[in-house]
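The values are calculated or read from the model by the stated rules, or taken from the named source; none is laboratory data. Values in this document were obtained by computation on a predicted structure and should not be read as measured data. Virtual Cβ from ideal backbone geometry, glycine too; neighbours counted across all protein chains shown. When the accessible area is computed, the model is the full protein with side chains, heavy atoms only, and any ligands, DNA or RNA have been set aside. Shrake-Rupley method; radii C 1.70, N 1.55, O 1.52, S 1.80 Å.
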Amino acid sequence: MRYAEVIIDINSSNVDKIYDYAVPDDIDVKPGIRVVVDFNKRLVEGFIVGVKEKSDVDSSRIKSIMRIIDSKPVLTEKQLVLAYWMKERYLCHLVEALRCIMPVDVKKSMEMAHMVVELKVSIAEIEQFIFSNKKNTRQIAVLKELLNRGDNPVKASELIKATGSDYGVLKRLKEKGLIDVYYIDTEKNPYSSCNYGRTERLELTAEQRKALDEIKKGMDASKGKYLIHGVTGSGKTEIFLQAIEYNIKKGKDAIVLVPEISLTPQTIERFKGRFGDNVAVLHSRLSDGERIDQWKRIMDGKVKVVVGVRSAVFAPFKNLGLVIVDEEHESTYKQSDMRPKYDAREVAERRCELEGAVLVLASATPSILNYYRAVEGHLNLLRLKKRVNNKKLPYVHIVDMRQELMSGNRSIFSKELYDEMKNTLARKEQLILFLNRRGFYTFVSCRLCGYVMKCPHCNISLTFHADGTLQCHYCGYSIYMPKSCPACGQNSIRYFGMGTERVEKEVKALFPDARILRMDVDTTRKKGSFEKIYTAFKNREADILIGTQMISKGLDFPGVSLVGIITADTALNFPEYNASERTFQLITQVAGRAGRGNRQGKVIIQTYYPDHYAILCAKNHDYEGFYRREITFREKSDYPPFSELAVFTLSGFDDKIVKEKSMLLYDIIETYNEPDIQVFKPMPAMLHKLRDKYRWNIVLKSKNGDILRYTINRSYDKIKSMLDKDVLISYDINYITLI
Ligand code: ADP
Ligand code: ZN
């Protein structure tokens, strides 16, 4: 007798175990095949993760597999190893990891998507079979349905639905030679209609060549981890393209990860232009059908390159040779809004180790963590110090807004920014204005009683929009602006702060003839609107682009010679240990949009902290200087990379109960605590009230990540017992930002 080790596809911590099932003799099983089993009297799906000759479970209690779903494994051994690694690292359930590797929507319809069924023998033979096999009711139902339909082939999914049968029935009929089951190609490729001009390989600069040669050495050895630190415009993408070309020559596949906002038509253009239909694109705006089709093209070996966002790190290539993570400093590589809270950079690295692939991380502003790892020798550091064609980095000027105020200028534009805008427009060049806040006014209150307009569901001030609404940027709550103060009834509302809408209005007033585009969440909600604004600006149909951080990423506008950062302080004021890092990155990336054409660009930074090292180093394009300051600060205060942080977040509708539970949980953790771990007393989260729920955080910090995980794992088993419907608990290991 053989036994299969099965992971039940139910997402519950109680079921997060391996269950043994007996394998009937006529079923062929392998790890990676999905099965249907009886679990507590329910038919559920599961994944086989192992097959063995003996089981420790009492033979009278062991149940048999009902049927198999797949004829061949949908998960490779390495994918299973990766899933186990994710479970350990992110403390998730194994099925949660497996669901990343084999997304549910893909899983459901993959084998059915384009499978068709056709009768293989004459109608007489079918009728003979039906006559002499009356007991095989399900097989007969399928055959009858096929006879009824007449026009073959029939979609397998339709057939199964109409007859209530399953893939196993089709398989048996196929084995009997009565029907044929095969795939047809009806790919929905959302990009196939676009006409991408082929781009030829560029002659590399000396710096590019050196970096590429190093990466090629890694590919020859089937291992290697690289961090490319290349200034904006240094031609990192061309290195990626030629590395991929080399990878393809070796018969291997490549994954290119990009942050969501930089997965622009321009990025896709570059890869499609070089590799044509060999490229699949995965992003979150694909429909289910489109995603399944892309996934299937990858599985079937029809493409050699995937360009995609975070989840594309799981692209089901069988012969992976290269993973590139562009803009590796981006926090969106970390999944922070749902479980498992994985970090695509770490998963990429682990996957490369498992599959003998080369990892290339790249950024103009590498994350402090990875730069530190490079300095420590864990990653090979490759530097690109010059822009292609020796184009100069932009000239950066800092304006001290305190002085502006003192000199009586209350406008949102300093005199210098205003003058430069005027000059740029006079020269018929383009400019970008950056502000990381959308809406019009960010704060509305009553000047008489001090009442602040806040979201009733989130304890956060509402943003006033030009259409006369007050909106919550966290939950989407929206009301019309009241005429008078809801608290005291007086007509004395006052507005503070600024968002992109206000910038747009003020620019219009100052430069009535300028053509203006605005790019933020509000103007890019509709499908295709981002692309429209992007193309219009690129084609110089506008003079000024106003935008949030959406505009900071990888966009190449040769016509832009001025970038104005309306305020650099939004990120700096964030109460997070990495506030300086984020500020430096943001300024450098936004500044990098200037001067990509023939003229040297100019950047003006407006700030109330002109002496802050994040701002000064960004001005001087001095990454190393910034790194030295920042790493000293991190070391002194024991922040990552010198420690790891984990956080439990408790949330519920009753603040008092949530607080009490937090205290209880704190006590539990303390009892499991190891000397190496610092546990901080429960604190209200930065967004204490969010979507009507009150939230408390407990932060743990340790120099030893393994002990931290181990402790959390152990205490979590106990914590689960105190979970109830009043309070939800989530945790995040290695978290980056808390809200
Ligand atoms: P990065 O990603 O490092 O910011 P890009 O890859 O966007 O830089 O390159 C900037 C520009 O330089 C692009 O327009 C690109 O086509 C061009 N470029 C890159 N490498 C070369 C080269 N070797 N010769 C000429 N132009 C190049
Ligand atoms: Zn809200």
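Have a look at V36, V116 and point out the one that is hydrophobic (A, V, I, L, M, F, W, C) and closer than 22 Å to K176 by Cα.
Values: V36 fails: closer than 22 Å to K176 by Cα.
Answer to the check: V116.
Right, E355: open to solvent by less than 50 Å² (accessible area, probe 1.4 Å), in contact with a Leu (Cβ under 6 Å, 6 or more places away or on another chain) and of a type in the set (D, E) or not? Don't jump to the end; show me each part of the working.
Numbers: open to solvent by less than 50 Å² (accessible area, probe 1.4 Å): yes; in contact with a Leu (Cβ under 6 Å, 6 or more places away or on another chain): yes; of a type in the set (D, E): yes.
Here the answer is yes, as E355 does meet what is asked.
Report whether or not K210 is modelled with pLDDT of 95 or more, surrounded by fewer than 23 Cβ atoms within 10 Å (Cβ to Cβ) and either in contact with a strand residue (DSSP E or B) (Cβ under 8 Å, 6 or more places away or on another chain) or over 19 Å from V307 (Cα atoms) (or both). Outline the logic, then answer.
Values: modelled with pLDDT of 95 or more: yes; surrounded by fewer than 23 Cβ atoms within 10 Å (Cβ to Cβ): yes; either in contact with a strand residue (DSSP E or B) (Cβ under 8 Å, 6 or more places away or on another chain) or over 19 Å from V307 (Cα atoms) (or both): yes.
Judged against the criteria, K210 is a match.
Just give me the residues in the stretch 119-139 being under 47 Å from the mean Cα position of the chain (by Cα) and over 15 Å from D180 (Cα atoms), in sequence order. Quick ask: steps written out before the conclusion?
Keep residues of the stretch 119-139 that are under 47 Å from the mean Cα position of the chain (by Cα), which gives 119-120, 138-139.
Passing the criteria: only R138.
Under 8 Å between Cβ atoms, at least 6 apart or on separate chains: pull out the pairs that start in the stretch 460-474 with a residue that is of a type in the set (A, V, I, L, M) and open to solvent by less than 30 Å² (accessible area, probe 1.4 Å) and end on any residue that is in a loop (DSSP other than H, G, I, E, B) and away from ligand 1 (no atom under 16 Å from the Cβ).
Qualifying pairs under 8 Å: L462/M453; L462/C455; L462/C472; L462/Y477; L470/M453; L470/L462; L470/M481.
Filter the stretch 294-307 down to the residues that are of a type in the set (D, E, K, R) and closer than 20 Å to T267 by Cβ, then identify the one that is modelled with the lowest pLDDT. Don't jump to the end; show me each part of the working.
Initially, the stretch 294-307 is screened for residues of a type in the set (D, E, K, R), giving 296-297, 300, 302, 304.
If we keep only those that are closer than 20 Å to T267 by Cβ as well, we get 297, 304.
Details: R297: 88, K304: 97.
The residue in question is R297.
From K483, K508, which residue is open to solvent by 50 Å² or more (accessible area, probe 1.4 Å), free of Cβ contacts under 8 Å to residues at least 40 places away in the same chain, away from ligand 2 (no atom under 16 Å from the Cβ) and closer than 19 Å to R438 by Cβ? First the steps, then the outcome.
Working: K483 fails: closer than 19 Å to R438 by Cβ.
Within the list K483, K508, the selection yields K508.
Can you go through E416, E429, E420, E353 and tell me which one is of a type in the set (D, E, K, R), more than 16 Å from ligand 2 (Cβ to nearest atom) and within 25 Å of S331 (Cα to Cα)?
Details: E416 fails: within 25 Å of S331 (Cα to Cα); E429 fails: within 25 Å of S331 (Cα to Cα); E420 fails: within 25 Å of S331 (Cα to Cα).
After applying the criteria, what remains is E353.
Return the pairs, sorted by first residue and then second, in which the second residue is surrounded by fewer than 16 Cβ atoms within 10 Å (Cβ to Cβ) and in a helix (DSSP H, G or I), the first residue lies in the stretch 657-668 and is in contact (Cβ under 8 Å) with a residue 40 or more places away in the chain, the beta carbons are less than 8 Å apart, and the residues are 6+ apart or on different chains.
Partner pairs satisfying both residue conditions: I668/K718.
For the stretch 672-687, give me the residue count where each residue is more than 25 Å from the chain's Cα centre (by Cα), open to solvent by 30 Å² or more (accessible area, probe 1.4 Å) and not basic (K, R). Can you show your working first?
We begin by selecting, within the stretch 672-687, every residue more than 25 Å from the chain's Cα centre (by Cα); these are 672-684.
From the residues that got through so far, the ones that are open to solvent by 30 Å² or more (accessible area, probe 1.4 Å) too are 672-676, 678, 680-681, 683-684.
Subset that is not basic (K, R): 672-676, 678, 680, 683-684.
Residues flagged as more than 25 Å from the chain's Cα centre (by Cα), open to solvent by 30 Å² or more (accessible area, probe 1.4 Å) and not basic (K, R) within the stretch 672-687 amount to 9.
Which residues, counting only those in the stretch 302-337, are away from ligand 1 (no atom under 16 Å from the Cβ), within 12 Å of the chain's Cα centre (by Cα) and in a loop (DSSP other than H, G, I, E, B)?
V309, Q335, S336, D337
Quick check on my filter: what residues within the stretch 297-320 are farther than 22 Å from Y182 by Cα and among the small types (G, A, S)?
Selection gives G308, S311, A312, A315.
Of all residues in the stretch 603-652, how many are over 15 Å from E581 (Cα atoms) and assigned to a helix (DSSP H, G or I)?
Adding up the residues that qualify gives 1.
Check T442 against each of (1) among the hydroxyl-bearing types (S, T, Y); (2) away from ligand 1 (no atom under 16 Å from the Cβ); (3) at pLDDT 95 or above and name the one condition it does not meet.
For T442, the failing item is (3).
Search the stretch 222-258 for residues being more than 9 Å from ligand 1 (Cβ to nearest atom) and among the small types (G, A, S), and hand back the single one that is surrounded by the most Cβ atoms within 10 Å (Cβ to Cβ).
If we take residues in the stretch 222-258 being more than 9 Å from ligand 1 (Cβ to nearest atom) and among the small types (G, A, S), then A254 is surrounded by the most Cβ atoms within 10 Å (Cβ to Cβ).
Within the stretch 292-310, track down each residue that is in contact with a His (Cβ under 9 Å, 6 or more places away or on another chain) and within 17 Å of I101 (Cβ to Cβ).
Listed by number, the residues that qualify are K296, G308, V309.
Here are some conditions: (1) in contact with a helix residue (DSSP H, G or I) (Cβ under 7 Å, 6 or more places away or on another chain); (2) at pLDDT below 90. D185 meets all but one. Which one does it not meet?
The number of the failed condition is (1).
When only residues in the stretch 442-459 that are open to solvent by 30 Å² or more (accessible area, probe 1.4 Å) and away from ligand 2 (no atom under 16 Å from the Cβ) count, which is nearest to Y480 (Cα to Cα)?
Only one residue fits best here, namely Y451.
Out of curiosity, is A618 open to solvent by less than 10 Å² (accessible area, probe 1.4 Å), within 29 Å of the chain's Cα centre (by Cα) and farther than 22 Å from T424 by Cα? Walk me through how you get there before you give the answer.
Values: open to solvent by less than 10 Å² (accessible area, probe 1.4 Å): yes; within 29 Å of the chain's Cα centre (by Cα): yes; farther than 22 Å from T424 by Cα: yes.
Yes; evaluated as a whole, the condition is true for this residue.
Would you check which residues across the stretch 690-715 are open to solvent by 10 Å² or more (accessible area, probe 1.4 Å), out of contact with any strand residue (DSSP E or B) (no Cβ under 7 Å at 6 or more places or on another chain) and not in a loop (DSSP other than H, G, I, E, B) and list them?
Correct list: L690, D706, Y710, N713, R714.
Looking for something in a helix (DSSP H, G or I), charged (D, E, K, R), more than 10 Å from ligand 1 (Cβ to nearest atom) and under 17 Å from K304 (Cβ atoms) - is there at least one such residue anywhere in the stretch 263-273?
Looking for residues that are in a helix (DSSP H, G or I), charged (D, E, K, R), more than 10 Å from ligand 1 (Cβ to nearest atom) and under 17 Å from K304 (Cβ atoms), one finds at least one in the stretch 263-273, hence yes.
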